[in-house]
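Trainee: Pasting in a structure now, in C-alpha cells, and then I'll have a few things to ask.
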Amino acid sequence: MEVEEAPGYGQFEVKFTGKSIIKAINPLPGPHILTLSNLDLLSGRFPVTYFYFYSKPFHVSNFIPIVDILKTSLAQTLNYYYPFAGRIIPNPNTGEPEIVCDNKGALLVEAQANIRLKELNFYNLNQCLQQGKLVNLTPDFPLQIQLTHYTCGGISITFTFDHALGDASAFGNFLVSWSEITQKKKMSCIPNHRRNLRARFPPTYHPSLDQTFVKCTIEEIINMPTNKIRLKRLYHIDASSIERLQKLACINGYKRTKIEAFSAYVWKVMVSAIDECHSKCKMGWLVDGRGRMCGDENSMSNYIGNVLSVAFAEASLIELKQNSISDIANNVHEAISKVTNQDHFQDLIDWIECHRPGLMLSRIVLGQGGPALVLSSGRRFPVAAVDFGLGSPVLGTVCSTIERIGVAYLNQRPSARGDGSWTISAILWPELAAALESDTIFQPMSAGHLQL
C-alpha cells in the first residue's frame, strides 16, 4: 500500500555515517548457551523497536562526543545484560532458538538527517520507517541501535530488540540501566537471566487455552491475513480525556482503571470501522505475569525474558453499540481478570510444553477469528527516566517494523511531558484509523504536542 507524504512536511532523508559493533568490556569467561523459557518461545522472534527523541541539549554542541559516551556506557551495560550481545540461533536438535552468549556484540549505527527534529512527521510512522531511515535492521544482531542527528542539534535513538531477548519490562530495565551507567549512577536493577519458568511434570492445562493459542507453521505466519492492517500511526491523548473516560466507566459504583475505561471506549468506536459481514469483534490485552507468577511483583521485577500472556473478549456489534462505556468496561475487567493469576500463567507454560517443538501464537494474533484489536499498556515503561545526559526525551514510544500483521495494535505509553497524558502507537486498518480520528480523543501526534 502506498503511503503518501503528509502535506506540510519536507522530504525526510537520512545519510548513514558510521557503524560500530559494541561488545561487553568484561565478557564472560567463555561462550555458554542460554535456553529460552516456554514463554520466550511463545513470544517469538520478531523485532521490537523503541523510539526516543531528544531536543538539542543546551550543554552539547558536538554529536561526536555523545556517540563516544554512549558507546563506552553501552559496553559497560552489556557486562550486565550479556545475552543482548550474543547470538540467537536454532538448536541443532530441536530447531528451537537459543541464545549463545559469546559477546559477538550489539550493532550501533550513526546517521545524519536532513531536517530539523520538529519537521519530522511524528504522526505517520510509515514514513519514518520507510527504507530503513530510522530503523535499518541487520538480522545478525539481537540488539541494534541507531543514533540520528538532526540539523537543529536534536537527536533520536532507536533501539531494536529481538523479542526472544525479552518483553517490554525487560527492555525497560535495560534502557534504565544503560542511562544510569551513562550518568555514572548506581544501577537500580541487577538483571536476572535465569529464565527459570518451568513446566510442571506432568504438564497440565485448562482446555480453554486450546481455543486461544495454536501451534502454527512459518508459512501460516508469513501468509497470515493482514485485513488491511498496515497504517502505523502515533497519537497524543490528553490527561483530561483519560480522566473523563474513567469517570464514565466508574458509574454505578464500579471502580475501573484508566486502561479498562480507555479499552471500553476504543472497543465501542471499533463498531463503526467493521464490515457489515461481521456480527462480532474481539479485543485483547497483553498481560505481564511478573506480579502473578510469585504473588509479589518485586520478586520478578529484574527478570529478563518474556512473561507475557494475552486476554481476549468477544462481543457482538449490536451489544457494543447499545451498551454504555461502563457496561463495556465491566466486560473488559472480567476478561483481563481471567488471566491475571498464577494458575493461568502456569497453565500457559504447560500448554507450550505439550506443543513443543514448533511455533505457537495466539489465534487472534495469527489473524484467525475476525476483526480484532490488541492493547498493550506500558504505564510503568520508562520514558522520562531514559536520560543519557541529554536531558529527558520529548518522546519515548514503540513501533513495529513488521510488514504483515493479523490484528490491529495499540501500544500505550506515558507521555514524556509527565502531565498524565499518553502516547499511543498504533497499527490500524484505514477505517479504524478514520473512526478513532473522528473524535477529539485521538490527536495525531505533532511537534506541538512535544513542545518542539
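Trainee: Could you tell me whether segment 76-96 includes any residue that is modelled with pLDDT of 95 or more, within 26 Å of residue 13 (Cβ to Cβ) and either buried (at least 18 other Cβ atoms within 10 Å of the Cβ) or not assigned by TED's automatic domain parsing to the domain that holds residue 46 (or both)?
Mentor: No, every residue in segment 76-96 fails to be modelled with pLDDT of 95 or more, within 26 Å of residue 13 (Cβ to Cβ) and either buried (at least 18 other Cβ atoms within 10 Å of the Cβ) or not assigned by TED's automatic domain parsing to the domain that holds residue 46 (or both).
Trainee: Taking the options 426, 416, 372, 408, name whichever one is without any contact (Cβ under 8 Å) to a residue 40 or more places away in the chain and among the small types (Gly, Ala, Ser). It would help to see each step written out before you state the result.
Mentor: Details: 426 fails: without any contact (Cβ under 8 Å) to a residue 40 or more places away in the chain; 372 fails: without any contact (Cβ under 8 Å) to a residue 40 or more places away in the chain; 408 fails: without any contact (Cβ under 8 Å) to a residue 40 or more places away in the chain.
Residue meeting the stated conditions: 416.
Trainee: If you don't mind, another one. Only one of 448, 389, 418 is more than 30 Å from residue 185 (Cα to Cα), of a type outside the set (S, T, N, Q) and either more than 12 Å from the chain's Cα centre (by Cα) or in a loop (DSSP other than H, G, I, E, B) (or both); which?
Mentor: One residue alone meets the criteria, 448.
Trainee: Can you say whether residue 156 is crowded, with 21+ Cβ neighbours inside 10 Å and farther than 29 Å from residue 428 by Cα, as far as the supplied structure shows? Show your work before the answer.
Mentor: Details: crowded, with 21+ Cβ neighbours inside 10 Å: yes; farther than 29 Å from residue 428 by Cα: no.
The answer is no for residue 156.
Trainee: Pairs needed: first member in segment 36-56, under 26 Å from residue 96 (Cα atoms); second member anywhere, part of a helix (DSSP H, G or I) and of a type in the set (D, E, K, R); C-beta distance under 7 Å; at least 6 residues apart or different chains.
Mentor: So the pair list comes out as 38/353.
Trainee: Could I ask something else about it? Going by what's in this entry, would residue 156 be described as among the small types (Gly, Ala, Ser), in a strand (DSSP E or B) and either closer than 23 Å to residue 68 by Cβ or in contact with a His (Cβ under 8 Å, 6 or more places away or on another chain) (or both)? Spell out how you get there, then give the answer.
Mentor: Details: among the small types (Gly, Ala, Ser): yes; in a strand (DSSP E or B): yes; either closer than 23 Å to residue 68 by Cβ or in contact with a His (Cβ under 8 Å, 6 or more places away or on another chain) (or both): yes.
The answer is yes for residue 156.
Trainee: Taking the condition in contact with a Leu (Cβ under 9 Å, 6 or more places away or on another chain) and over 18 Å from residue 373 (Cα atoms), does residue 343 pass? So that I can check it myself, show each step before the final result.
Mentor: Numbers: in contact with a Leu (Cβ under 9 Å, 6 or more places away or on another chain): no; over 18 Å from residue 373 (Cα atoms): yes.
Criteria not met by residue 343.
Trainee: Of everything in segment 1-36, what is aliphatic (A, V, I, L, M) and at pLDDT 80 or above? Give them in sequence order. So that I can check it myself, show each step before the final result.
Mentor: So the first thing to find is which residues in segment 1-36 are aliphatic (A, V, I, L, M), and the list is 1, 3, 6, 14, 21-22, 24-25, 28, 33-34, 36.
Within segment 1-36, 14, 21, 22, 24, 25, 28, 33, 34, 36 qualify.
Trainee: If you go through segment 350-362 one residue at a time, do you hit one that is in a loop (DSSP other than H, G, I, E, B) and at pLDDT 90 or above? Can you show your working first?
Mentor: Filtering segment 350-362 for residues in a loop (DSSP other than H, G, I, E, B) gives 356-358.
In the following step, the residues that additionally are at pLDDT 90 or above were identified as 356-357.
The answer is yes; a qualifying residue exists.
Trainee: Among (1) surrounded by fewer than 21 Cβ atoms within 10 Å (Cβ to Cβ); (2) not in a helix (DSSP H, G or I), where does residue 326 come up short?
Mentor: Here residue 326 clears every test but (2).
Trainee: Moving on to the next point. When segment 425-452 is examined, which residues are found to be surrounded by 18 or more Cβ atoms within 10 Å (Cβ to Cβ) and over 23 Å from residue 116 (Cα atoms)?
Mentor: 426, 427, 428, 429, 432, 433, 435, 436, 441, 442 - these are the residues of segment 425-452 that are surrounded by 18 or more Cβ atoms within 10 Å (Cβ to Cβ) and over 23 Å from residue 116 (Cα atoms).
Trainee: I would also like to ask the following. Out of 416, 426, 372, 435, report the one residue that is small (Gly, Ala, Ser), touching a helix residue (DSSP H, G or I) at 6+ places or on another chain (Cβ under 7 Å) and not assigned by TED's automatic domain parsing to the domain that holds residue 53. Steps first, please.
Mentor: Working: 416 fails: touching a helix residue (DSSP H, G or I) at 6+ places or on another chain (Cβ under 7 Å); 426 fails: touching a helix residue (DSSP H, G or I) at 6+ places or on another chain (Cβ under 7 Å); 372 fails: touching a helix residue (DSSP H, G or I) at 6+ places or on another chain (Cβ under 7 Å).
Answer to the selection: 435.
Rundown of residues vs (1) under 19 Å from the mean Cα position of the chain (by Cα); (2) buried (at least 24 other Cβ atoms within 10 Å of the Cβ); (3) of a type outside the set (Asp, Glu); (4) farther than 25 Å from residue 47 by Cβ, yes/no style:
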residue: 264; (1), (2), (3), (4): no, yes, yes, yes
residue: 268; (1), (2), (3), (4): no, no, yes, yes
residue: 271; (1), (2), (3), (4): no, no, yes, yes
residue: 277; (1), (2), (3), (4): no, no, yes, yes
residue: 290; (1), (2), (3), (4): yes, no, yes, no
residue: 300; (1), (2), (3), (4): no, no, yes, no
residue: 305; (1), (2), (3), (4): yes, yes, yes, no
residue: 312; (1), (2), (3), (4): yes, no, yes, no
residue: 315; (1), (2), (3), (4): no, no, yes, yes
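Trainee: Related question: Of everything in segment 99-124 that's among the acidic types (Asp, Glu) and touching a strand residue (DSSP E or B) at 6+ places or on another chain (Cβ under 8 Å), which residue is nearest to residue 80 (Cα to Cα)?
Mentor: Just the residues of segment 99-124 that are among the acidic types (Asp, Glu), to begin with: 102, 110, 119.
Still in the list and also touching a strand residue (DSSP E or B) at 6+ places or on another chain (Cβ under 8 Å): 102, 110.
Numbers: 102: 14, 110: 24 Å.
So, considering only residues that are among the acidic types (Asp, Glu) and touching a strand residue (DSSP E or B) at 6+ places or on another chain (Cβ under 8 Å), the one nearest to residue 80 (Cα to Cα) is 102.
Trainee: I would also like to ask the following. For the subset of segment 37-75 comprising residues that are at pLDDT below 95 and among the basic types (Lys, Arg), which member is surrounded by the most Cβ atoms within 10 Å (Cβ to Cβ)?
Mentor: So the residue we want is 56.
Trainee: Just one of 49, 72, 77 is out of contact with any helix residue (DSSP H, G or I) (no Cβ under 7 Å at 6 or more places or on another chain), within 21 Å of residue 167 (Cβ to Cβ) and not small (Gly, Ala, Ser); which is it? Can you show your working first?
Mentor: Details: 72 fails: within 21 Å of residue 167 (Cβ to Cβ); 77 fails: out of contact with any helix residue (DSSP H, G or I) (no Cβ under 7 Å at 6 or more places or on another chain).
From the options 49, 72, 77, the qualifying one is 49.
Trainee: So, one more: Is there a residue in segment 103-112 that is farther than 20 Å from residue 14 by Cβ, surrounded by fewer than 21 Cβ atoms within 10 Å (Cβ to Cβ) and assigned by TED's automatic domain parsing to the domain that holds residue 32?
Mentor: Looking through segment 103-112, at least one residue is farther than 20 Å from residue 14 by Cβ, surrounded by fewer than 21 Cβ atoms within 10 Å (Cβ to Cβ) and assigned by TED's automatic domain parsing to the domain that holds residue 32.
Trainee: Moving on to the next point. With the requirement that a residue be without any contact (Cβ under 8 Å) to a residue 12 or more places away in the chain and farther than 20 Å from residue 399 by Cβ, what does segment 136-193 give you?
Mentor: Applying the first criterion (without any contact (Cβ under 8 Å) to a residue 12 or more places away in the chain) to segment 136-193 yields 139, 180, 184-186.
Within segment 136-193, 180, 184, 185, 186 qualify.
Trainee: So, of the residues in segment 192-205 that are polar (S, T, N, Q) and assigned to a loop (DSSP other than H, G, I, E, B), which turns out to be modelled with the lowest pLDDT?
Mentor: First, pick out the residues of segment 192-205 that are polar (S, T, N, Q): 192, 196, 204.
If we keep only those that are assigned to a loop (DSSP other than H, G, I, E, B) too, we end up with 196, 204.
Details: 196: 90, 204: 97.
Checked segment 192-205; the qualifying residue modelled with the lowest pLDDT is 196.
Trainee: Another question about this same structure. Cβ-Cβ under 8 Å, sequence separation 6+ or interchain: first residue in segment 433-452 and over 14 Å from residue 268 (Cα atoms), partner of a type in the set (Gly, Ala, Ser) and in a loop (DSSP other than H, G, I, E, B). Which pairs?
Mentor: 450/416; 452/55; 452/154
The values are calculated or read from the model by the stated rules, or taken from the named source; none is laboratory data. Keep in mind that what you see is a predicted model, and the values were worked out from it rather than measured. Backbone-built Cβ (ideal geometry, glycine too); neighbour counts: all protein chains shown.
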